[in-house]
Amino acid sequence: MRRTLVLLCAIGLSACSEAPTSPLGDDERTAFLDSLRIPETRSFTLGFTPWPYDFTDQAEAETYDALAAHSDLVAFHLDKGVPWEEARVGDPFPDNVQRQLDRMLDEADRFETVYVSATPQAQDRASLALVWGSGEHQPLPAAWETRAFDHPDVVAAYVAYCRRLIAFFDPDYFAYGIEVNGGLQLDHPNYVAFRSFAEQVYAALKADHPDLPIFLTFQTGSSVATWEEQWAVNRDLVALSDLVGMSTYPFWVSGLYEPEAADVSYLPGDWFAQMAALAPEKPFVIAETGYIAERLQLPGVLSVDGRELWQARYVDQMLWSAHQLDAEFVVWFVNRDYDQGWERLVDVGLDDDVFLIWRDTGLLDSSGDERLGMEVWDRWLAQPRR
């Protein structure tokens, strides 16, 4: 579903994980829960992406049931490529694409809020997205291989694609670019064309849907761009976004925070506020986030200790910051650890280490049991929206 080496934005490296070093004691759990600050109302909806814990129909159904029990928002994250030619000429989407979209729509009515995100960028976040067809991220047709972002056919096809998604889902929020600062810098050869593309797409979609929040999301950290280079892009592109959308997985931020233990203590109090300050007049959303509850390790290269309590502390800090910033929604990835899904990928030879990075970020563990972070999450969810 997700990511590449650049999209290891919060990590910067591929990795594997192992069991936590120590269980959470009852006294520690009780003390933490007693310390929580839960306001009487919340500004934001709370949601997850429906990434399943295993790649079976049963796991998919159980994942949607878990989402419905623990959220009032669903986030359909369409980072699979783009059906470019079908969108350009107005043909039906490939059967595989339409089948997946239909499944999402079948579940959408279970949630108060629907957030749909798509992206024109490939998983390097610098080049044109590949094809979503019979599979994901398939090679571009020859005619598309040399087209820049601002090529008339690219702009027209992507606008048509977004229009069809909006008409199909009737979402409450729509992102037309995901983590757009991940692989581009202001002096990147593709940047000028991408900005021109974004200007045209944003203008077209806003003309069609003036009341629909249409926006871009910005990640924190990159393995190919410095922090300063990313923020220069953020400041330039936020003008083409109705919201300030933040994507962050700060248990490892390449070049900035590379802790041996992801105990949250290294995160500054303004971690979220600094992103919101890009455009204080615009609403703020946490478009995707997550935090490890178990050790993340790449032998000889990377070892970050993760624990259930530290994950819960991050949930607490993150939601409190969202409350202070009057955020409109928060999305967590993933709902449940996908150890079973990883084993299935290994069995079929698709065991790309990239899939391990978020394997243990679930607020439910691999057995489906609630972690302490889910208790924090649910206490906020129980509060009425203001």
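The values are calculated or read from the model by the stated rules, or taken from the named source; none is laboratory data. What you see is a predicted model; the values in this text were computed from it and never measured. Cβ sites come from the backbone with ideal geometry, for glycine too, and all protein chains shown count toward neighbours. Accessible surface areas use protein heavy atoms only, side chains included; no ligands, DNA or RNA. Shrake-Rupley method; radii C 1.70, N 1.55, O 1.52, S 1.80 Å.
For the reader, a short list of remarks on this structure follows.
- The set of residues in the stretch 275-290 being more than 19 Å from Asp353 (Cβ to Cβ) and in a loop (DSSP other than H, G, I, E, B) consists of Ala277, Leu278, Ala279, Pro280, Glu281, Lys282, Pro283.
- All of Phe76, Phe93 fail the test of being modelled with pLDDT of 95 or more, of a type in the set (Phe, Trp, Tyr), touching a strand residue (DSSP E or B) at 6+ places or on another chain (Cβ under 9 Å) and crowded, with 16+ Cβ neighbours inside 10 Å, apart from Phe76.
- Qualifying residue in the stretch 257-267 (condition: outside any loop (DSSP other than H, G, I, E, B) and surrounded by 21 or more Cβ atoms within 10 Å (Cβ to Cβ)): no
- Any hit, the stretch 268-275, residues being over 30 Å from Leu212 (Cα atoms) and either out of contact with any Phe, Trp or Tyr (no Cβ under 7 Å at 6 or more places or on another chain) or open to solvent by 40 Å² or more (accessible area, probe 1.4 Å) (or both): yes
- Out of Arg3, Arg88, Arg29, sole residue that is surrounded by 14 or more Cβ atoms within 10 Å (Cβ to Cβ), of a type in the set (D, E, K, R), at pLDDT below 95 and outside any loop (DSSP other than H, G, I, E, B): Arg29
- Top-ranked residue in the stretch 191-223 [being surrounded by 19 or more Cβ atoms within 10 Å (Cβ to Cβ) and of a type in the set (Val, Ile, Thr); ranked as nearest to the chain's Cα centre (by Cα)]: Thr217
- Residues (assigned to a loop (DSSP other than H, G, I, E, B) and either among the hydrophobic types (A, V, I, L, M, F, W, C) or modelled with pLDDT of 95 or more (or both)) located in the stretch 229-256: Ser241, Asp242, Leu243, Tyr249, Pro250, Phe251, Trp252, Leu256
- Scan of the stretch 333-386 for residues that are buried (at least 20 other Cβ atoms within 10 Å of the Cβ), within 11 Å of Tyr53 (Cβ to Cβ) and of a type in the set (Lys, Arg), ordered by number: Arg336, Arg359
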